[in-house]
Amino acid sequence: MIYECRKNKFGKHHVYTSFLIITGLFIWSYFDSTETKYWLAYSIGIVLALGASYLIVNTKIRIEIKGDIVTVVHDGMIHANFSINSIESVTLNSSGGIESILVQTIDKLKYYIPCDCFKRAEIEALIEVLNNA
């Protein structure tokens with residue numbers, strides 16, 4: 001069973017960052033002796049910075065339950081890998097507006113599975129699957 005979602009958020013911080021970059025470059029070029037021919041390089045840099053910040057926020061979360069092994073892949077890296085048989089408790093944790101599923105194993109290890117891009121029905125189904133295992 002595979003649960004997968006992608007966070008696509010272009011938020012206010014992107015707009016503020018862009019505004020600060022443009023304002024800073026304008027002030028720098030106004031008080032500095034640089035010429036306007038550098039504005040093309042500035043604009044290319046701004047576009048690249050916005051693209052990089054979008055890719056950083058544009059993350060993918062994949063939760064795979066295969067047999068008795070649960071694997072959580074977040075941003076292309078394995079975030080958690082544990083056995084279903086070792087699960088002691090599963091709860092929904094909310095901190096700072098970010099929801100995550102807290103899985104505690106019998107050896108007292110805690111795994112926080114980010115789930116803020118999943119739909120509510122998927123989160124409840126995932127918690128039920130992990131609790132019933």
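K66 meets each of the listed conditions (1) at pLDDT 90 or above; (2) over 15 Å from N131 (Cβ atoms); (3) within 15 Å of the chain's Cα centre (by Cα) apart from (3). The residue of the range 80-120 that is modelled with the lowest pLDDT, among those that are part of a strand (DSSP E or B) and within 16 Å of K7 (Cα to Cα), is I98. Taken as a whole, the condition of being touching a residue at least 24 places away in the same chain (Cβ under 8 Å), acidic (D, E) and under 17 Å from I2 (Cβ atoms) applies to D68. None of K110, K119 is under 15 Å from I61 (Cβ atoms) and either in contact (Cβ under 8 Å) with a residue 12 or more places away in the chain or of a type outside the set (D, E) (or both) except K119. Of the listed requirements (1) modelled with pLDDT of 85 or more; (2) buried (at least 16 other Cβ atoms within 10 Å of the Cβ), T59 misses just one: (1).
A count restricted to the range 1-12 and to residues that are at pLDDT below 70 and not polar (S, T, N, Q) stands at 3. Within the range 13-27, residues that are in contact (Cβ under 8 Å) with a residue 12 or more places away in the chain and more than 14 Å from I44 (Cα to Cα) have Cβ atoms under 7 Å from residues that are acidic (D, E) and exposed (fewer than 12 other Cβ atoms within 10 Å of the Cβ) in no pair, counting only partners at least 6 apart in sequence or on another chain. Taking the range 62-107 as the range and being out of contact with any strand residue (DSSP E or B) (no Cβ under 8 Å at 6 or more places or on another chain) and among the charged types (D, E, K, R) as the test, the residues that pass are K66, D107. Out of all the residues in the range 22-43, is one or more surrounded by 13 or more Cβ atoms within 10 Å (Cβ to Cβ), more than 30 Å from V90 (Cα to Cα), at pLDDT 70 or above and not hydrophobic (A, V, I, L, M, F, W, C)? Yes, the range 22-43 has at least one match.
The values are calculated or read from the model by the stated rules, or taken from the named source; none is laboratory data. These numbers come from a predicted model, not from an experiment. Positions of Cβ are generated from backbone atoms using ideal geometry, with glycine treated the same way; all protein chains shown enter the neighbour counts.
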